[in-house]
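Report on the structure given below.
Every number here is computed from the coordinates shown, using simple stated rules; none is lab data. A quick note: this is a predicted structure, and the numbers were derived from the prediction, not measured. Backbone-built Cβ (ideal geometry, glycine too); neighbour counts: all protein chains shown.
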Amino acid sequence: MRIVISSAPKSGNRWLKCLLRQIYGLEVLHGKDKPPTQPGAFRSWAARGFPDGTIYHQHCRFSPTLCDAIEAVPAHLVTIVRDPYDVFVSHYYWVQEQAAHHAERDDSRPKERLVGKPLTHPDAFAFLAEEFAGNLLRAEGWLTSGRAIVVRYEGLRDNPVAELTAATDAIAPVPAETIAAAVEACRAENMRQMGRQKAWQVSDAQFGAAREGLNAAHLAIFREQYADRVRSLGYTIR
């Protein structure tokens, strides 16, 4: 069993990874143990041995050639999709947490414009208008590709057993009690205890749906620039 989660950032990748890891008893590939996302480089990595019984997540854009390479191993492809309004808020809070826990920063990266500023700061509006499209493109690419098993973040939040049952039926069916045990094990408070960085990487704002703080200016940007993409992901324009 090998699983690759390919999704846009801040969509619930770590949560889904925790759940599937618990359900199937997998080991997580971290950092340098993860393969590159370029198809040729991935094939070279996999030829040296894609360990059985492992799972990892990546944030690259959809690529049919990469999918071919992953499926040839074989490995299962899964994607998780989340309401873009919540993704933006989660990203904002993640940037604040990351800045607080890392002394070294690259000020040339667009996200650094958000550090230490309120969600209603002009730089936050500019980031949403100028940089957020990439997140939506990644999500849309994997959702519409037909190559990945789709999990909805809101399904995990509202009815996790049903959402995971649909996903695991497409991977390898498991008993309902196995899924229920994984849901319990991967609650936010438990995930924070699972690793050195989990305490800040799994914040309440990131883990739950959090639209608080979005005002009329944020919503106008979504309507004017991202309406079609929000709808294509299956969500309602506000």
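I'd like to verify something in the chain: which complete DSSP H helices, judged by Cα projection on the helix axis, reach 24 Å or more and average at least -0.5 on the Kyte-Doolittle scale? Provide the component values of the computation, followed by the final result.
Numbers: long enough: 84-101 (25 Å, -0.48).
Those that pass (Cα extent of 24 Å or more, hydropathy at least -0.5) are 84-101.
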- Item | Ranking of W15, W94 by count of other Cβ atoms within 10 Å, fewest first | W94, W15
- Message: In whole Å, what are the extents of the chain along the principal axes defined by its C-alpha atoms, from largest to smallest?
- Response: 47, 40, 38
- Query: Where does the chain land at 222 nm, in deg cm²/dmol rounded to the nearest 500, when only DSSP H runs of n ≥ 4 count, each adding -39500 (n - 2.57), divided by all residues?
  - Reply: -15500 deg cm²/dmol
- In nanometres, the difference between 0.36 nm per residue of separation and the alpha-carbon distance of W45 and A100 is 16.4 nm
- What is the order of R61, R147, fewest Cβ neighbours within 10 Å to most? R61, R147
- If one builds a Gaussian network model of the chain from Cα atoms under 10 Å apart, the most fluctuating residue listed among V183, V73, V161 is V73
- Item | Cα-based Lys proximity count in the range 2-232, under 19 Å, for pairs eight or more positions apart or on separate chains | 8
